[in-house]
1. For a quick protection proxy, order the peptides B:119-129, B:26-36 by their average other-Cβ count within 10 Å, most packed first.
2. Quantify how strongly other chains surround peptide A:237-245 by giving the mean number of their Cβ atoms within 10 Å of each of its Cβ atoms.
3. What spacing in nm lies between the two simple spin-label points modelled at B:Asp72 and A:Asp363, each 7 Å away from Cα in the Cβ direction?
4. In the neighborhood of B:Ala480, defined by Cβ-to-Cβ distances under 12 Å, what is the net charge if each Lys or Arg adds +1 and each Asp or Glu adds -1?
5. Give me the net charge of B:Gly467's neighbourhood, meaning all other residues with Cβ under 13 Å from the Cβ of B:Gly467; Lys, Arg count +1, Asp, Glu -1.
6. Between B:Ala422 and B:Asp602, what is the label-point separation in nm under the 7 Å Cα-to-beta-carbon projection?
7. Nearest 0.05, what FRET efficiency do B:Leu221 and B:Arg294 give at R0 = 45 Å with Cβ-Cβ as r?
8. Given Cα pairs under 8 Å that are at least 6 residues apart, what percent is the relative contact order of chain A?
Amino acid sequence: MDHLKGHYGHEASAKVNQAVYIVDAARTPFLEAGGRPGPFSAADLATACGAQLLARQPFAPDELDQVILGCSSPAPDETNIARLASLRMGCGDRVPAWTVQRNCASGLQALDCASVEIALGRADLVLAGGVDAMSRAPLLLSDDFVEWLSAWRSAGAVQRLRLLRRLYSSRLAPATGLERGLNDPAAGLLQGQVAEDLATRFAISRDEQDAWALRSHQRAAAAWSAGRLDEIVPLVGPDGRLHVADAGVDGDVDAAGLASLKPCFDRKYGNVTSGNSARPGDGAGWLVLASADALERHALTPLVRIVDCAWAALDPVATGLGPVHATAPMLARNGLTIDDIGLWEVNEAFAAHVLACLQAWSDADWCREELGIDCGGKAPPHSRINIDGGAIALGHPVAASGARIVMHLAAAMRREGARHGVATLCIGGGQGGAMLLETVA
Amino acid sequence: MNHYGTHLRIERDWEGVAWLVLDRAGAQANWLSATMLDELGEVVGMLEADPPSGLIIASAQAAGFSPGADPDEIDAAVTPQAARALVARGWAVFGRIARLPLPTLALIRGHCLGGGLELALACDYRVVVEDPATRLGLPQVRVGLVPAWGGMRRLPALVGPSLALELMLSGRELTARGAWKAGLADVCVPPRVMEAAARAVVMSGRHSRHLPWREVLKATLLRRFVAARARRALAPQLRADRYPAPFALLELWVRHGGDTLAEPDESPASMAALLRSDATRELRRVSALHERLRRGGRVAHGVGHVHVVGAGVVGGELAILCVANGFRVTLQDLRQEAIAAVIGHAAQRASELHPDDVPARRELLDRLVPDGAGHGVRRADLIIEAAVTVDVAAKRALLAGLESRARPDALLASHTACLALADVAAGMHAPARLVGLHLPVVQTATPLVEVAAEGPDAADAIARASGFVAALGKLPLAVAGTPGFLINAVLAPYLLEALRCIDEGVPAAAVDHAMREAGMAVGPIETVDRLGLDVLQLLACGLGLDSLPTALSEAVAAGRLGLRSGRGLYEWRDGVPLRDAGAAPDGVAERLFARLGAAARDALSRGIVRDADLVDAGLIAGAGYPPYTGGPMRHAARHEDRT
């Protein structure tokens, strides 16, 4: 096997249950996906971010064993975007790279896949992360239009004249991929309508949602000015324009402004507004994951250890409760309670989702009925959740969010001296994912 | 019919197509020598006697098809008879190839220049191969000669006189795609199908494309008019008494349609006269000297990742040069806006370099990684310090810090226009690791980079640095690490003298005008502004040139530091100085040239470069010294001969 060592970095081995460490991480600023295509494609974002992260490592990019990237909506010319990014970042021809998709948790899925590869001894050093350029979500042709086109190709001149008459039908209009991606095909509802549903079921008022959103903005603004969002590396457009901060971090947001917004999903009677839900965005994040062997080989300092990762599925209409479904059993199987978790990152797809989770968690009966376990009738305290703001303020480039909350949690845990931390997201389509981290002594 | 000569071989494939493969023995390229042309003549004789179904001419040399006529044989053609024989042997055999009663094709990969392209033009078809090394052109005027083997006749017939004259008068070389777009090549193909394409095209029976009627008129009735217009369009510094070749080319085309043998030897436009002229001799010498510099850069440098410290004008330009030539760069600067500006410029350069290749543009930009905190130092193969400061202490501290974090085998370089290398290296543990680099700023896209090192242990560092500079597509010139290295040490006294002219009341624009008239690419006052007045002051200090002109000290005191500060001796707008033309009093050019010549001799006597040839080569490539003179040392020597 010695001849393989030179090419693939490490020997094939049958080690199992290797410890997995997070060594370093970086993300781009999250840019606003506002109507028109942004300056960067998803592959551009992943490349710019990863190249800067890799430049500061003591190992060379081609010493990575794998590159794993989550992406929920790559462009048509970005199939297996992980491989494109890997080559463009200078990892060379011989680093295998693969792409994973699990909607909002695509980034977290990439980290879980990397952990498993390392735990099983199949890899020692993996670059994993998530990326989405939602402003560039492709225009999709409707099924009617696709049929029309194939009819046009095979038609004669007379038939074509007839076909032309059908062209202006609204049924032929293209749909944006973004619209489709946010529409939950399992529930047949827009994600925002799912949030409305939860808000009603848990009697969460508009004021509560807006208050959560306002606090997210205030915490993010404070974190930005105190330099606590230092996981961000700059982006430079081909026009030489510099992007250093998340587009959504806005110190000007106030309660009155949030209250004045109209609901955007159930327009007449709803409570979910663009102000109390995460804005789609463009962004990328990468983490370097390593085994104990790799730490030693490259003299790397670990930030945290990935202890566990859990996934759960539930009624698609109750998607927002995914974090509880994933986290509660994960804590139980690790012998931990809510009180043992010093810091939480709960992805703020909608303020209503997070608030519904907290209510469910504090309801001992709900836990017993829905999850079949005893949660102690206690939810994580607001003061320990998203202490530097969440996706409502920072933006939610779907697949990048999983990478963001894990890397920020790791940094915050070290800063705050928290031993354990949990990062968790709800996943469109009725799922939840959670990852448990532990500070390395 | 298989035949193996010394320099070529010919064989027929299964379809009866003859493949004639050029492979000059004992050389790295197919320089077309007399013996090679003789062998070609023999083969053409065989083909005339027993014609195959088609002929494909290709090369077995990795470097390319052919770089042109053998330079040693051009050197030897000193008499009019020898000049005539040199022209006749190519003209005759290429003419016979053109008249062969069978389809002929040149398969071109790598260089195809001068006589090499004239051979390809004698064929019916040309297939060019997409390869970054593929280059087609007739650059003879650059060394004071003209395409005499039929190129001057056949190129206008193929692509039309407008483009043909532009290509021949400028010596511009085309890429494979460029040649195809210009109509010079019939098809442009990737290497994997080049042989199949050549076989298909040569047997296709297709007609070569017809010129538009306007171009046909220009080649015939309007020829005189077209030539007159081309003459007017020549660059102003090309004067017939200094650079006769372009003017001879136009006359030969108008009078004989490119048959140089028809021109009597006494005529100044004849090949005999061109080969005899001072300008041609000097241009050919300078070209050989630049080739000598290029050879000095054929060294393995082992550099893949370059860390550049400082995103100012020079640091940015170096970073862009690196990524444009395939290196990965981490660019360090605390000012993120400065890094962003460099990336913006790199994007512009990428569009210029790869106008229709989006992936290539993207890869170029991917290689340029912003690195505000300077993490890249730890892994880089080469670290270039190009901080925007002339403060020795600051540079010293910076370099000591870089050295402590760099890999032990990494090469360290400091870019400086005015400091002594030993001063900059003083804080380092191993000063012999440090090389000085200097990318002259006199002209944009200067082809030369000075490489300086101190001490006997520096040989390895200077060799690697020279290899790296050559990989950037620049000419490396090894110099001693004294203040200003060669270029600025020679320029400084000359620039100060020019400033003294201003002190004496001559307007700045008039001084520049006089020197440009005298052949300098850039006037001295503009050079001062581009260099920076503070840099010149420091340079003067370092060189012990104490009495500074008032124009300099006043401007520096007023904070007018040149292009960098938007104002120096000129106002600058968008990188261009605002000025009106004006006439200088007689003798200004002679006085300034004398000062520059003295400084050049002084630099040589101080051993900054090894010999006088390198002074000439350096000042022509690095300071825009007029090439027809042969450089400052040669210029002065000839001047003395005459007086």
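Readers should treat all values here as calculations from the given coordinates under stated rules, not as data from a laboratory. None of the values given here were measured: they were computed from a predicted structure. Glycine gets a Cβ as well: all are built from the backbone with ideal geometry, and neighbour counts include every protein chain shown.
1. Put in order of decreasing packing, that is B:119-129, B:26-36.
2. What the average comes to for A:237-245 is 5.
3. About 9.6 nm separates the two model spin labels.
4. 0
5. The answer is +3.
6. 1.9
7. E(calc), rounded to 0.05, equals 0.50.
8. Once divided by the residue count of chain A, the mean separation gives 25 percent.
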